[in-house]
Amino acid sequence: MEISPMHTVRLHNSNETFAVGKILCVGRNYAEHAREMKADLPESPVIFLKPSTAIIPDGGTVVIPAISKDVHHEVELTVLIGQGGKDIPRETALTHVAGYGVGLDMTLRDVQAELKKKSLPWTLAKGFDTSAPLSEFVPASGVKDPNILDLRLTVNGSIRQNSNTRHFIFKVEELISYISQAISLERGDVLFTGTPEGVAQVVTGDKLLGQLLMSDGAVLASVSVSVL
């Protein structure tokens, strides 16, 4: 497998590219997903990181590491930071967004479960190569409200996850403001905002399609990958 030395993302219908610095991810941001994972609802956002080497583009291949026998899909709204900042007020947080897309937070569930039992970090379970398939980003100017968008994931043509960002526990502007209190945001950072219920195992040969849609069914962004 070849990994690009430059991990960049692009705004749709634009030549503008962004070099990805860090990928900030949110756990348990949908109540129903927290329940299916038998986890408590968080009082504040649960944040973890993926390295930029986890990124693969639309049409890429998720490669299951030998250390795992149970890989799960997690479809998520992704947010591309266009203007960095520190201690960003919630009221102006969305002005720091360059675009919105859809991503898959591929997770080594068995590895994660063992790490949780030992109260250890999830880095290997969440940050392995190819664990962050990403779509192109639709410019933020084309999205009136990121907190009312549909998310859908199909595996081999069958719907596995189907929800709406209105079910967020913490909205996009809350996440940006909260994270920036402790971690400075920079141009090119990508935020994974959490997955809804319906996560499940994938196996070699599966074809995954994640979509971000308007309420009228119009597709804003999509990412399609295969599993090796």
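Bear in mind that the values in this text are calculations on the coordinates, not laboratory data. Keep in mind that this is a model prediction, so the values were computed, not measured. Counting neighbours? That spans all protein chains shown, and the Cβs are built from the backbone with ideal geometry, glycine included.
Sorted from largest to smallest, which semi-axis lengths in Å does the alpha carbon gyration tensor of the range 8-227 give for its equivalent ellipsoid, taking the root of 5 times each eigenvalue?
Three semi-axes, in Å: 24, 20, 17.
What percent of all Cα-Cα pairs in the range 110-228 falls into each 5 Å bin, going from 0 up to the bin containing the maximum distance?
Per 5 Å bin, starting at 0, the Cα pair percentages come out as 2, 9, 16, 20, 22, 17, 11, 4, 1, 0.
Cut-off 10 angstrom, C-alpha nodes, Gaussian network model of the chain. Which of Ala31, Ala132, Ala218 fluctuates the most?
Ala218
Roughly speaking, what is the centre-to-centre gap between the range 159-200 and the range 92-140 when only Cα atoms are used, to the nearest Å?
Cα centroid to Cα centroid, the span is 10 Å.
Arrange Ser224, Ser158 by Cβ neighbour counts within 10 Å, fewest through most, would you?
Taking fewest neighbouring Cβ atoms as first place, the list is Ser158, Ser224.
When the scattering of the range 46-136 is computed by the Debye formula from its Cα atoms alone, each counted once and equally, what is log10 I(q)/I(0) at q = 0.13, 0.26 Å⁻¹?
The calculated log intensity ratios at q = 0.13, 0.26 Å⁻¹ are -0.52, -1.30.
Take every Cα pair under 8 Å in the chain that's 6+ residues apart, average their separations, divide by the length, and report that relative contact order as a whole percent.
On the way: 570 pairs, mean separation 71.0, N = 228.
Over the chain, the number comes to 31 percent.
Among Asn13, Asn164, Asn156, which one shows the highest mean-square fluctuation when the chain is modelled as a Gaussian network with alpha-carbon springs under 10 Å?
For the chain, modelled as a Gaussian network with Cα springs under 10 Å, the answer is Asn13.
Order by neighbour count: Leu209, Leu104, Leu228, fewest other Cβ atoms within 10 Å first, most last. Display every interim value, and only then the final one.
Details: Leu209 19, Leu104 29, Leu228 12.
Exposure proxy ranking, most exposed first: Leu228, Leu209, Leu104.
Show me 35-47, 176-188 ranked by packing, highest mean number of other Cβ atoms within 10 Å first.
In descending order of packing, they fall as 176-188, 35-47.
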